[in-house]
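Q: First, the structure itself, so that you have it in front of you.
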Amino acid sequence: MSTIFKKIIDKEINADIVYENDTVLAFKDLNPAAPVHILIIPKKEIPTINEISLEDKEILGEMFIVVKEIAEKLKIKNNGYRLVFNCNEDAGQTVFHIHMHLLAGRKLSWPPG
Ligand code: 5GP
């Protein structure tokens, strides 16, 4: 089933897009948990990490390359950042279209609560 992220991909609803190519889209999180909070998503609809397959490996690799470019552009690569995928209920996944959270701009505690 399609999610709100599909509507963002299709430009049916607005998002603050920071990067886009044929396979990946990155945009600012609506409710940022850090001064920098960007979501990197594949344009292909995959509900959770449990549904990824070998044929998705290039898409997943590209998501990390996009992170690298964004980190450079936003000048956060040296101070650092955190990448998070939430999967299903215990991790708090709320949108069932896989997405990588890129968090930066402050000290991030570890382990997560
Ligand atoms: P999850 O909890 O599934 O790992 O993360 C979903 C994220 O999507 C949340 O951080 C939430 O703030 C963000 N989000 C949900 N709906 C929208 C939206 O319509 N636009 C944007 N930019 N972010 C959204």
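Q: Test each condition in (1) free of Cβ contacts under 8 Å to residues at least 12 places away in the same chain; (2) open to solvent by 60 Å² or more (accessible area, probe 1.4 Å) for PHE96 and report the one that comes out false.
A: (1)
Q: Is it true that SER109 is over 19 Å from LYS6 (Cβ atoms), more than 13 Å from the chain's Cα centre (by Cα) and open to solvent by less than 60 Å² (accessible area, probe 1.4 Å)?
A: Values: over 19 Å from LYS6 (Cβ atoms): yes; more than 13 Å from the chain's Cα centre (by Cα): yes; open to solvent by less than 60 Å² (accessible area, probe 1.4 Å): no.
Against the criterion (over 19 Å from LYS6 (Cβ atoms), more than 13 Å from the chain's Cα centre (by Cα) and open to solvent by less than 60 Å² (accessible area, probe 1.4 Å)), SER109 does not qualify.
Q: Could you list, in sequence order, the residues of the range 92-113 that are among the aliphatic types (A, V, I, L, M) and farther than 22 Å from LYS57 by Cβ?
A: First, pick out the residues of the range 92-113 that are among the aliphatic types (A, V, I, L, M): 95, 98, 100, 102-104, 108.
VAL95, LEU103, ALA104, LEU108 - these are the residues of the range 92-113 that are among the aliphatic types (A, V, I, L, M) and farther than 22 Å from LYS57 by Cβ.
Q: Another question about this same structure. Just the residues that are surrounded by fewer than 16 Cβ atoms within 10 Å (Cβ to Cβ) and free of Cβ contacts under 8 Å to residues at least 24 places away in the same chain, please, taken from the range 13-37.
A: Listed by number, the residues that qualify are ILE13, ASN14, ASP16, ILE17, GLU20, ASP22, LYS28, LEU30, ASN31, PRO32.
Q: Between a residue in the range 101-113 that is over 14 Å from ASP29 (Cβ atoms) and any residue that is not aliphatic (A, V, I, L, M), which pairs come within a Cβ distance under 7 Å, given they are 6 or more apart or on different chains?
A: ARG106/PRO35; LEU108/ARG82
Q: Kindly list the number of the only condition in (1) away from the ligand (no atom under 11 Å from the Cβ); (2) in contact with a Pro (Cβ under 6 Å, 6 or more places away or on another chain); (3) among the hydrophobic types (A, V, I, L, M, F, W, C); (4) open to solvent by 60 Å² or more (accessible area, probe 1.4 Å) that fails for ILE59.
A: That leaves (4) as the condition not met.
Q: Within the range 64-113, work out how many residues are of a type in the set (Gly, Ala, Ser) and within 12 Å of the ligand (Cβ to nearest atom). Show your work before the answer.
A: First, pick out the residues of the range 64-113 that are of a type in the set (Gly, Ala, Ser): 71, 80, 91-92, 104-105, 109, 113.
Pick out the ones that are also within 12 Å of the ligand (Cβ to nearest atom) and you get 91-92.
Total satisfying the criteria: 2.
Q: Continuing with the same structure: Inspect all residues belonging to the range 75-91 and state whether any of them is touching a residue at least 60 places away in the same chain (Cβ under 8 Å) and buried (at least 16 other Cβ atoms within 10 Å of the Cβ).
A: Just the residues of the range 75-91 that are touching a residue at least 60 places away in the same chain (Cβ under 8 Å), to begin with: none.
Among the residues of the range 75-91, not one is touching a residue at least 60 places away in the same chain (Cβ under 8 Å) and buried (at least 16 other Cβ atoms within 10 Å of the Cβ), which makes the answer no.
Q: Since ILE40 meets every condition but one in (1) within 12 Å of the ligand (Cβ to nearest atom); (2) open to solvent by 50 Å² or more (accessible area, probe 1.4 Å); (3) under 17 Å from VAL24 (Cα atoms), which condition does it not meet?
A: Every condition holds for ILE40 apart from (2).
Q: Hey, can you tell me all the residues within the range 1-31 that are among the basic types (Lys, Arg) and more than 13 Å from the chain's Cα centre (by Cα)?
A: LYS6, LYS7, LYS11
The values are calculated or read from the model by the stated rules, or taken from the named source; none is laboratory data. Just so it is clear, the model here is predicted, and its values are computed rather than measured. FYI the Cβ positions are ideal-geometry reconstructions off the backbone, even for glycines, and counts take in every protein chain you see. Just the protein is used for accessible areas: all its heavy atoms, side chains included, with ligands, DNA and RNA removed. Shrake-Rupley method; radii C 1.70, N 1.55, O 1.52, S 1.80 Å.
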